[in-house]
Amino acid sequence: MSAGATGSIAVDAMGGDLGPAEVVAAVKLALHRHHRLNPIILVGDERLLNPLLAHAGLERSRRLSVVHAPEVITMDDKPMVALKRKKDSSMVRAIELVKNGEASGVVSCGNTGALMAGGTLRLRTIEGIARPALAAIVPREGGHLVLIDAGANPDARPEHLVHNAILGSHYCRVMLGIPNPRVGLMTIGTEEGKGNALSTETHGLLGRVGDIINYAGPIEGFHVFIEHVDVVVCDGFVGNIMLKSWESLVKFFSGVLREELRANPLRAAGAWLSKGAFNALKERINPERYAGAPLLGLRGNILKAHGSSSRHAIESAIVAADEIIKAELNRHIEADLAQINARLTAPV
């Protein structure tokens, strides 16, 4: 098997909860459904991968290559310790492929802390970006929005949140096709001065760059799921709580709805008649549709998928990585970043 390096996507085959078989199945789906997809480099233990590739009929694919990496960083490993001791792990080797220019992006279901630390230490941030941020796509009224930061940087400063606004805006343009996304700053009130010192100072800085970022102002929690903004900016502490609370709430309501619809035969008959509507609702809130959360702001593209991701979720993350690479996301981020940092450092 051979695959070109430029634009290639390195896929960590070993880090997910469901094992390399599910990753190979995802790669097969991605290659068969997306004929213009960049080449894939599958990184992992060849002794396990080669039989799986043969079974999937991918052993002679010209769009796929394998890089041998016998070690695995597990979910229980401490990130910094694992990065030092497991240099021949699938995750580290995948990141190194990007660092060396042999790939343009990484997709991994592995240890989140190790992936973020490894990406940051080996790829470094874009010049002018102090901290990378995780972006997540969340359903809302009328479509979807980008939530950033979803957990990478819990102790943020105002300039970090301004950078998050740039990163989130460009990611929104690429993934959601919104040309001039509206950016909202998450706080506890929309009145002037409402919130903590971080939100108040960030609001002032975003107001100074409103001609570069389409800043819609501060927003509250009840604005998130209505069609009010396209990018929600916050620190990683708030964003991670928001994202996990939303995921938990979806599971809760799904379980309650299922229980109530099965409570008696009449309700069950009504549920059967409404099957089309329920299927449409399930698709609208399907987390596998935008399964990869990119770590934005690095000199390379890294997408983190859930550890328990199915083949369809991993396929979605691979396709997202492909779209980011083709859109040259970092080049556009750098252009806006230079303007904004110059503006913010100039005398008021």
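The values are calculated or read from the model by the stated rules, or taken from the named source; none is laboratory data. Given the structure is predicted, the values throughout are model-derived calculations rather than measurements. Cβ atoms come from the backbone with ideal geometry, glycine included; neighbour counts cover every protein chain shown. Protein only, heavy atoms only, side chains kept; ligands, DNA and RNA dropped before computing areas. Shrake-Rupley method; radii C 1.70, N 1.55, O 1.52, S 1.80 Å.
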Selection from Ile137, Pro39, Ile314, by position along the positive dipole direction of the chain (Cβ) | Pro39
Most fluctuating of Ala152, Ala197, Ala320 in the GNM of the chain (C-alpha, under 10 Å) is Ala197
Given +1 on the Cβ of Lys and Arg, -1 on the Cβ of Asp and Glu, and no further charges, what dipole in debye does segment 1-159 carry about its Cα centre, rounded to the nearest 20?
-> 380
Mind checking the dipole of the chain: about its Cα centre, +1 per Lys or Arg Cβ, -1 per Asp or Glu Cβ, Debye to the nearest 20?
-> 740
Label point distance in nm, Arg47-Glu141, each placed 7 Å from Cα along Cα→Cβ | 5.7
Carbon/sulfur fraction of accessible area - segment 154-269, other protein chains in place, 1.4 Å, % | 59
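Given Cβ point charges of +1 (Lys, Arg) and -1 (Asp, Glu) and nothing else, what value in debye, to the nearest 20, does the dipole of segment 6-63 about its Cα centre take?
Dipole of segment 6-63, to the nearest 20 debye: 420 debye.
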Step through the residues of segment 76-91 one at a time and calculate ³J(HN,Hα) from phi using the Karplus curve (6.51 cos²θ - 1.76 cosθ + 1.60, θ = phi - 60°), rounding each to whole Hz and writing x for Gly and Pro.
-> 8, 5, 6, x, 5, 5, 5, 5, 7, 8, 10, 6, 9, 7, 4, 5
Divide, for segment 1-160, the radius of gyration over alpha carbons by 2.2 N^0.38 Å, where N is the residue count.
-> 1.10
Residue-by-residue Karplus 3J(HN,Hα) for segment 314-329, coefficients 6.51, -1.76, 1.60, Hz, glycine and proline x | 5, 4, 4, 5, 5, 5, 4, 4, 4, 5, 5, 4, 5, 7, 6, 3
Return the whole-Å distance between the Cα centroid of segment 150-176 and the Cα centroid of segment 200-229.
-> 12
Can you give the calculated 222 nm mean residue ellipticity of the chain, where each DSSP H run of n ≥ 4 adds -39,500 (n - 2.57) and the sum is split over every residue, rounded to the nearest 500 deg cm²/dmol?
-> -15000 deg cm²/dmol
Alpha carbon centre of segment 82-133 versus segment 5-80: separation in Å?
-> 16
Gyration tensor (Cα) of the chain, equivalent ellipsoid semi-axes in angstrom | 33, 29, 17
Tell me, what HN-Hα J-couplings in whole Hz come from the Karplus equation 6.51 cos²θ - 1.76 cosθ + 1.60 at θ = phi - 60° for each residue of segment 194-201, using x for Gly and Pro?
-> 7, x, 8, 4, 4, 5, 5, 5
Most fluctuating residue given options Arg267, Arg124, Arg311, as computed from a GNM of the chain linking Cα atoms under 10 Å = Arg267
Going from most exposed to least, what order do Glu46, Glu191 have by accessible area with a 1.4 Å probe?
-> Glu191, Glu46
Given H placed on each backbone N at 1.01 Å, which residues far from Val11 in sequence or on other chains put an amide H within less than 5 Å of it?
-> Ile41, Leu42, Val43, Val107
Sequence-distant or interchain residues sharing an amide H contact under 5 Å with Ala152, placed H: which?
-> Leu134
Would you grab the residues whose amide H sits under 5 Å from the one on Arg140? Only those 5+ places off in sequence or on another chain, please, with H modelled 1.01 Å from N.
-> Leu145
GluC sites (Glu not before Pro) restricted to DSSP loop in segment 127-183 with at most 16 other C-beta within 10 Å = Glu127, Glu141
Of Gly57, Ala197, Gly207, which is farthest on the positive side of the dipole of the chain, counting Cα position, with +1 on Lys and Arg Cβ, -1 on Asp and Glu Cβ, and the Cα centre as origin?
-> Gly57
Once both labels are modelled 7 Å past Cα along the beta-carbon direction, what's the Leu344-Ile226 spacing in nm?
-> 3.0
Heavy atoms only, probe 1.4 angstrom, no DNA, RNA or ligands counted: give me Arg299, Arg93, Arg140 ranked by accessible area, highest first.
-> Arg299, Arg93, Arg140
